[in-house]
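One structure is given here, and the rest of the page talks about it.
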Amino acid sequence: MSRRPIQQLSTALVNRIAAGEVIERPASVVKELVENAIDAGATQILIEIEDGGRELIRVIDDGGGIPPAELPLAFAEHATNKLSCDDDLFRISTMGFRGEALASIGSVSHARLQSRTKDTDSAYEISNRGGEIGTPQAAAGNPGTTIEIRNLFYNTPARRKFMKGASTEFGHINEMVLRLALPHAQVGFKVTHNGRSALDLPVTTPEQRLLEAWPKEFREARLAIGTRDAEIHISGLVGLPEFARPTGRYQYFYLNGRHIKDKFIQHAAREAYRGLTEPGRYPACVLMIEMPPGDVDVNVHPTKIEVRFRDSGRIHGLVMSAIREKLLSSDLTPAAIPMRGDNIESIQPANREDMRATLAAFFKEGSTEGIAAPPPYQPTFQLNSPAAQTQRIDFSTPTASVPMNVPTSPPSAPGFSTKHAAIQLHNSYLVAQTEEGMVIIDQHALHERVMYEELRTRLMRGPLESQRMLIPQTLSASLRQIAMLEQIQGLLQRLGIEVSPFGPGTLAVQAFPTFLEKLDPVTFVRELLERGEQELLDLHEEEILHELLDMMACKAAVKAGDPLTPAEIEALLSRRELIDRSSNCPHGRPTTLRLTLNDLEKQFKRTGF
Ligand SMILES: Nc1ncnc2c1ncn2[C@@H]1O[C@H](COP(=O)(O)OP(=O)(O)OP(=O)(O)O)[C@@H](O)[C@H]1O
Ligand SMILES: [Mg+2]
C-alpha cells in the first residue's frame, strides 16, 4: 500500500472529531446550550424540542448575551470568555471552560445564534452550517440569547443512525434538563416537546427544587442533610431506606453545581445505608458538594461528567458520615401498606363509622390501664400458655446492662398492662401502640437487629465470652474451606469461636460463644464454612464481620411462630428503643411498619364521605 503524506486536518474536520466526544445525542446538545445559558446568568431558560431533538432544539435565555463583535468567536473553536488566564483552568467556577461546545455543535448541524446584550438596542444573529460560519446580521429580539439547532448529525451518518426514536431521545433530554436544573433553584426552566409543555420548574427554594428529583411518594419521607468542615460543604436530601432501588436512578451527585458521576461518592452513600437496605440497592439521594475549585480537577473528561478530587478519601468520609448521622438520628420506620381490597369497600358507611368510633376509643383509653370495652375482634393470644413461660429471648448476653422492666404479675387484659402495650399475633407479629397510632413489628427481624447491634457494641469491649468444649467436636471440611477459615481465624476468635485443623480434611470446634449455647456448634460452623467459601472470600474484614454477626444474630433470634411471654415482649420492645437502626433488620428488610391514626381514618373514610 502506498503511503500518504502526513497532513494537518482541516478545522471543520477537527471540530467534527471533537464533536464526536461531546455530542453523543440530542440531549448532549441540550446540556451544552443550557450550561451556556446558566453561565450567562439567565433567570429563565426555555427549551423547545421538536421530534426528540432531531428536527429542532431551541434554547432561549434571558442572560447577559454576546456583543455583536464577538458573535463569530462564539462558534470558533477554542474560544471562550470563561478563562482569562492560564491559571484559571485550575480553579473552574463556570459550567463551561473548553470553548469548544458551540464549535462542535455547529460542525455537525445547522445552527443559528441570536443574541442581544442589555446595553444594545438591537439583536444580532449569526449562522453556522456544518462549520461554515456566516457574518453577523441585525435582527429583532429581546436581551438574551436564542440558539437553534436543526439537522443534527446531518453530516455524520453513523451518529445519525444511532439516534433512537423521538420519545427515547426526548426522555434523555428531559432527564438532562432536570439534572441541570436541580442545583439552580434561582433559575426557571421550561421544556416543551412538539409545542406541548413537558417540564415546568419555576424559580423556587433550593430544597423544593431538589425534591423534583424524586417521585411524589418519596418526597414526604425525605431527610435533609448538611455538614461542613473547613473547606467542604455537603448538603442535600436522602430518602428512607425503603426507597432504595436496584439502579442508581434516584441518585444525583453534584460538585460545585455540576452533575458528576463518581464511584467513590456512590460507594460512600451505599456504605452509609449498610444494613438498612437490602444488599445491592442504591439509596435515593441528591447530594451537593461544594469545595474550593482548586481542590478538584474537572478537566478529566470531555463532557466533564467525571472529576478528580485531590483528597477523595476525605470526601468519602464526609459523605458517609453526613448521611449516616442523619439516618441514625431519624425514625426510619416505613408506613404500613395502605389497606386495599373488598373487605374495606364492602363495609357499609354506618358500620365503618362504628368501627372508627370503637378504634378511636380503643386508642384513647387503652393506653396503660387496659381497655374500657373489649375490642370487637379477639385474636388468639399466646401470652399465658405454658409453652410461652420459658424465656427464649436471651436477656443476659451480650450486654447485660440493658434495662428489662419485666412486670411481676400477669396482665389482666392481653398485653396492655405493660409499659409498651403490645400484643402478639400469630406468634409472629407484635402490635404496639404509639403516640400517633400503632406499629406492627416482625418479631424475628427486630430481635435479629437487636442482637446484631448489641453484639457489635459488645465487641468493642473485647472478644465475646465463650465456652471451651470438654471434648472438641469434629467435622470434615474441604481444602478451600480450611484455607478460608485460616483467613478469618482472627475474626472468629473475637466472636468466641475457636476452630482448628484436626487431621487431614478435618476441623475441630474447640470453643463456642456462650450466648449461642442453644445451637449445635458443628452445624453452625459447617454452615459458616459453606457460606464462607461462596460469599466471604472477596470481602473486606469489616464486611466479613458484618456477615458473621448477622449470621449469629439470625440464629440466636426468636423465630416467626415462637410464642412470647409478656415479659419477653416487653424486653424486646425496650431494647428496640436502645439500639440504632432498629427500623430494619441487618439484611435491610423492615422490622417495623407504622400505621398512624391519620392513615386509619383516611382508610375508613375511603368511600361515601
Ligand atoms: N447563551 C449564551 N449567553 C451568553 N454567551 C454565550 C451563550 N452561549 C455561548 N456563549 C458565549 O460563547 C462562548 C463559547 O461557548 P461554548 O459553549 O462553545 O464554550 P464554553 O462554554 O466557553 O466552554 P465549553 O466548551 O466547555 O462549553 C462562551 O464562552 C460564551 O462567551
Ligand atoms: Mg459551553
**Prompt:** Say R0 is 22 Å: what FRET efficiency, to the nearest 0.05, do Glu55 and Glu175 get from their beta-carbon distance?
**Reply:** 0.65
**Asked** Once amide H atoms are built 1.01 Å from N in the peptide plane, which residues 5 or more positions from Ser428, or in another chain, come under 5 Å H to H?
**Response** Gly561
**Item:** Surface accessible to a 1.4 Å probe, per residue, for the residues of the range 207-328, Å²
**Value:** 44
**Fill in**
Taking a probe of 1.4 Å and leaving out DNA, RNA and ligands, the range 11-204 shows per residue an accessible area in Å² of 46
**Complete:** Measuring from the longest principal axis of the C-alpha atoms of the chain, the long axis of helix 26-39 (C-alpha) lies at a number of degrees, nearest 10, equal to 80
**Message:** Less than 13 Å Cβ to Cβ from Arg196, Lys/Arg counted +1 and Asp/Glu -1: what total charge do the surrounding residues give?
**Reply:** -3
**Prompt:** Under 5 Å between amide H atoms, partner at least 5 residues away or on a different chain: which partners does Gly496 have, H built in plane at 1.01 Å?
**Reply:** Leu464
**Fill in**
Once Thr227 and Lys602 are pulled to full extension, the length gained, defined as 0.36 nm per residue separation minus their Cα-Cα distance, is 131.2 nm
**the range 301-313 - phi-based ³J(HN,Hα) in whole Hz, Karplus 6.51/-1.76/1.60, Gly and Pro as x** = 9, x, 8, 6, 6, 10, 10, 10, 8, 5, 10, 6, x
**Item:** Net charge, His444 excluded, C-beta distance under 9 Å - Lys, Arg +1, Asp, Glu -1
**Value:** -2
**Message:** If you take every DSSP beta bridge fully contained in the range 11-204, what fraction is antiparallel? Give it as a percent rounded to 5.
**Reply:** 85
**Asked** What distance in nm separates the simple spin-label points at Gln186 and Phe264, each placed 7 Å from Cα in the Cβ direction?
**Response** 2.8
**Asked** So what J values fall out for the range 156-163 if you push phi through Karplus, 6.51 cos²θ - 1.76 cosθ + 1.60 with θ = phi - 60°, rounded to Hz, Gly and Pro as x?
**Response** 10, x, 4, 4, 4, 5, 7, 5
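Given the rule -39500 (n - 2.57) for each run of at least 4 DSSP H residues, summed and divided by the residues of the chain, what is its mean residue ellipticity at 222 nm, to the nearest 500 deg cm²/dmol?
-10000 deg cm²/dmol
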**Asked** Local charge sum around Arg274 (other residues, Cβ-Cβ under 10 Å, Lys/Arg +1, Asp/Glu -1)?
**Response** 0
**Asked** In whole percent, how big is the carbon plus sulfur part of the accessible area of the range 191-246, probe 1.4 Å, protein atoms only?
**Response** 48
**the range 451-496-the range 128-147 distance, computed between alpha-carbon centres (Å)** = 74
**Prompt:** Counting pairs of alpha carbon atoms under 8 Å apart in space and at least six apart in sequence, what relative contact order in percent does the range 21-162 give?
**Reply:** 26
**Message:** Taking θ = phi - 60°, what integer Hz values does the Karplus form 6.51 cos²θ - 1.76 cosθ + 1.60 yield along the range 269-277, in sequence order, with x for Gly and Pro?
**Reply:** 5, 5, 4, 4, 9, 3, x, 10, 10
**Prompt:** Gain in length, Glu517 to Arg91, computed as 0.36 nm per residue apart minus the alpha-carbon separation, to one decimal in nm?
**Reply:** 147.2 nm
**Asked** For the range 11-204, what class follows from the C-alpha gyration tensor (a ≥ b ≥ c being the square roots of its eigenvalues): rounded when a/c is under 1.5, otherwise prolate if a/b is larger than b/c, else oblate?
**Response** rounded
**Complete:** For the range 464-556, the percent of accessible surface on carbon and sulfur atoms (probe 1.4 angstrom, ligands and nucleic acids excluded) is 52
**Message:** Over the range 464-556, with the other protein chains present, what is the accessible area per residue in square angstrom, probe 1.4 angstrom?
**Reply:** 51
**Gained length - Thr135 relative to Leu83, 0.36 nm times residue gap less alpha-carbon distance** = 16.2 nm
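The values are calculated or read from the model by the stated rules, or taken from the named source; none is laboratory data. Bear in mind that the values here come from a model prediction, so they are computed numbers and not experimental data. Don't worry about glycine lacking a Cβ; one is built from the backbone with ideal geometry, like all the others, and counts go over all protein chains shown. Surface accessibility is based on the protein's heavy atoms, side chains included, excluding ligands, DNA and RNA. Shrake-Rupley method; radii C 1.70, N 1.55, O 1.52, S 1.80 Å.
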